[in-house]
Amino acid sequence: MAGELPEYYFRIRDNGAVVFRVDTENRLRRIEMEEIAQVNVRNGNIKPHGSRKLTEAESEMIRDWTERRAETLAARDVDDIHRAIDHMNLVTQWAQSRATDAQLEAVTDALLMAMHDLRSVLVRKKSERLSRDAAEPLQG
């Protein structure tokens, strides 16, 4: 393998990762990975594997990774929403220019319900933000 291997490896899974310590300093020069912990990105919980005790440096490294991972996932969420907006525009163009009556019949009710649900949530959330923003100067 080219380059230096990391000291730790994070195997991504739902809600977090399994953390491994990477070891190449064995007599056979094989890559060995020792599971040391599991981490939950949503709540920040770090569970050492088995009876293992994490060092303060390992705990700090895992907390740093968890923070960076949460930032990455949050950025991906926003990017996914921008892609959804693009896709909605493409669906609109398709419905206006290329869709057959049968195709429109197959998707119209589901699209209208999804759009109504989304609109209701967005309007409610915007109203909550505007109400909160208007009340803030009075509380300060």
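Each value in this text was obtained by applying a stated rule to the coordinates, not by laboratory testing. Since the model is a prediction, treat every value here as computed from it, not as a measurement. Cβ placement follows ideal geometry from the backbone for every residue including glycine, while neighbour counts extend to all protein chains displayed.
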When the range 8-51 is examined, which residues are found to be within 26 Å of Ala74 (Cα to Cα) and charged (D, E, K, R)? Arg11, Arg13, Asp14, Arg42, Lys47
Residues of the range 36-85 being among the small types (Gly, Ala, Ser) and under 10 Å from Val19 (Cβ atoms), in sequence order, are Ala37
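For every residue, the table says whether it meets (1) in contact (Cβ under 8 Å) with a residue 24 or more places away in the chain; (2) under 12 Å from Tyr8 (Cα atoms); (3) among the basic types (Lys, Arg); (4) part of a loop (DSSP other than H, G, I, E, B).
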site: Val19; (1), (2), (3), (4): yes, yes, no, no
site: Val22; (1), (2), (3), (4): no, yes, no, no
site: Glu25; (1), (2), (3), (4): no, no, no, yes
site: Ala37; (1), (2), (3), (4): yes, yes, no, no
site: Lys47; (1), (2), (3), (4): no, no, yes, no
site: Ser51; (1), (2), (3), (4): no, no, no, yes
site: Leu54; (1), (2), (3), (4): no, no, no, yes
